[in-house]
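To start, the structure itself, in structure tokens.
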Amino acid sequence: MDLKTLNVVLMLTLGLILSSILGCASSSNAFLGLKMFEVPPEPDYWEKQKELAAQEKKTIQDQLAAVDKRTDLVEGEKVLLRKKIVQDIGKHIDAFEYHQILAEIDYAYEDFQRKQRVKEALNATGEKAEQIRQQPIVVVKAEARTRGGATLRQWYLELCNRSSRPIGNIRYRTRYYSQTHVLVGAGGIESPFGGPFEGIIMKIIQPGEQREMIIDDGFVYPQTAYATFEVVSWEWMDE
């Protein structure tokens, strides 16, 4: 290979390396969520963004204050309206502050719902009161998932205490079925490998609280096509 050909090869190789580096940098910035400009922004671009964020923040504060003064809405409706205002307007405010505001609103709504459940339980009479006493726990969500290379079973739960009393030591039963509806395995209090505390959720759910949790339920049974989760018993924690 003569010197001229060698120079051409080196230049092509260098060009490919530079293209690769620039491509990686662009991809990294995109991955990290950094804003890339085809042309440099105006000198006062970031100042304008700050002003816009301040204006939006003030608009949000003014509208939230207006919602608080409304007498035609109950507290739960006010909370949902606050959330919609923040989501519709808060496009340019600081991301951390935006999510913090939404988190506070979500917490306020959950607290409102909790108080409503307790109020309903305290005011319940007759058959409704007996239903709450007999079945205070509502399974809002029970989703079976696998982990550990699809060999271990976990349940993602959302349980609601609709009573006015704290509940704990919740015993549960899980069952696993084949496509032909044959029982191929069980967990919780029916687990063949369990100890004395197997199948017991040793956590307290406060009155009116709706709580998310994850529980392990042993190994995945072969042939499993679907599974069921059932609350068997519980204990009142104020006795």
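The values are calculated or read from the model by the stated rules, or taken from the named source; none is laboratory data. Quick caveat, the model's predicted, so the values are computed rather than measured. FYI the Cβ positions are ideal-geometry reconstructions off the backbone, even for glycines, and counts take in every protein chain you see.
Identification of strands (runs of 3 or more DSSP E) wholly contained in the stretch 105-190 with 3 or more residues that are over 30 Å from Q223 (Cβ atoms) yields 167-177.
Scanning the stretch 216-239 for residues that are in contact with a strand residue (DSSP E or B) (Cβ under 7 Å, 6 or more places away or on another chain), surrounded by fewer than 19 Cβ atoms within 10 Å (Cβ to Cβ) and within 24 Å of R114 (Cα to Cα) yields E230, V232, S233, E235, W236, M237.
If the condition is being in contact with a Leu (Cβ under 8 Å, 6 or more places away or on another chain) and within 23 Å of P207 (Cα to Cα), then the stretch 131-160 contributes I137, V138, V139, V140, K141, A142.
Taking the numbered list (1) outside any strand (DSSP E or B); (2) outside the structural domain of L80 (by TED's automatic domain parsing); (3) touching a residue at least 60 places away in the same chain (Cβ under 8 Å) in turn, F197 passes all entries but (3). Checking each residue in the stretch 183-215 for being surrounded by fewer than 13 Cβ atoms within 10 Å (Cβ to Cβ) and at pLDDT below 90 picks out P192, F193, G195, P196, F197.
Would you check if there is a residue in the stretch 63-73 being of a type in the set (S, T, N, Q), in a helix (DSSP H, G or I) and at pLDDT below 80? No.
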